[in-house]
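See structure below.
The values are calculated or read from the model by the stated rules, or taken from the named source; none is laboratory data. Bear in mind the structure is a predicted one, so any value in this text is a computation, not a measurement. Cβ: placed from backbone, ideal geometry, glycine included. Neighbour counts: every protein chain shown.
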Amino acid sequence: MGKIINGKQIADEIKEELKEKVKKLQEKEIEPTLAVILVGEDPASQIYVSNKKKACEYVGMRSLSYELPEDTREDTLLSLIKELNNREDVHGILVQLPLPSHIEEEKILMMIAPEKDVDGFHPMNVGALSIGKKAFLPCTAAGIIELLKRSNLSIEGKHCVVIGRSNIVGKPVSMLLLRENGTVTMCHSRTTNLKELCQQGDIIVAALGKPNFVTADMIKHGAVLIDVGINRLENGKVCGDIDFEGCKEKAGAITPVPRGVGPMTIAMLLYNCIQGAEQGEE
């Protein structure tokens, strides 16, 4: 059986390291602070926001919570972000997506100052990533790279097959794998020879949102499988985009769902916010 990559354990290691960084900043009278904005009462979003607050508390960071009603006007939200951009004591701003339909997501994300965009979604940060400059990295993509590195799984020279081309995971993780000297093939819903390409992959990152899509006949022996998907089945169970039970014997290493990529996303969000606080002291 392949190695099961324990994302929860690796995320906990990162959070312990971040605790030390927070202490050092506090000794210099800098309080790393994340502002989290939630509009509406979407149950999944409320859980995500709660988890982020708990993670901040765990590493000793301050978090500010802005929970706004569903009917909040777009200009009200833009004004709040502008205010937080101007506050020197706020190092990261996160707007929980999705937003209600009457609010334009792109306009909101563009309003967040790039130096406080700890999600790494602002075009300036995305552009910096694409040309290899220093920037906040999208949290899930950065978490995947950390998972591989901390599991002693080399990327250099490997054929990396990414399934999914979203701006949040597929595109940024492809660029980060390239940065680590991987050879990257990006696949998506219109890829005609997907199975053949997957069979060539030394590392497969599945981020397409289809339950158990990647099956054992699509992978080669010893492949490293990174599962970004979180899908809820009709029986209430959660599964990823990779058929874990079917692939785990054939894979060289595999992330489970849950306790795989998910915990890394929040760990990297905290990392970005603390990095913002460190830059503020320079």
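Considering A44, A11, A35, the condition of being under 20 Å from the mean Cα position of the chain (by Cα), outside any loop (DSSP other than H, G, I, E, B) and surrounded by fewer than 16 Cβ atoms within 10 Å (Cβ to Cβ) is satisfied by A44 alone.
The number of residues in the range 195-221 being β-branched (V, I, T), free of Cβ contacts under 8 Å to residues at least 40 places away in the same chain and touching a strand residue (DSSP E or B) at 6+ places or on another chain (Cβ under 8 Å) comes to 1.
Of the residues making up the range 246-282, those that are part of a helix (DSSP H, G or I), among the charged types (D, E, K, R) and without any contact (Cβ under 8 Å) to a residue 60 or more places away in the chain number 0. Between V169, V162, the distinction of being crowded, with 19+ Cβ neighbours inside 10 Å, touching a Cys at 6+ places or on another chain (Cβ under 9 Å), closer than 30 Å to V36 by Cβ and in the same structural domain as G240 (by TED's automatic domain parsing) belongs to V162 only. Determine, yes or no, whether T140 is touching a residue at least 40 places away in the same chain (Cβ under 8 Å) and polar (S, T, N, Q). Taking the combined requirement at face value, the residue satisfies it.
Note on the range 50-96: among residues that are polar (S, T, N, Q) and outside any helix (DSSP H, G or I), the one that is nearest to the chain's Cα centre (by Cα) is Q96. Being surrounded by fewer than 24 Cβ atoms within 10 Å (Cβ to Cβ) and modelled with pLDDT of 95 or more is a property that C247 has.
Residue-by-condition table, conditions (1) over 30 Å from L68 (Cβ atoms); (2) free of Cβ contacts under 8 Å to residues at least 40 places away in the same chain; (3) in a strand (DSSP E or B):
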site: P100; (1), (2), (3): no, no, no
site: M110; (1), (2), (3): no, yes, no
site: F121; (1), (2), (3): no, no, no
site: K134; (1), (2), (3): yes, yes, no
site: I144; (1), (2), (3): yes, no, no
site: K149; (1), (2), (3): yes, yes, no
site: G157; (1), (2), (3): yes, yes, no
site: L177; (1), (2), (3): yes, yes, no
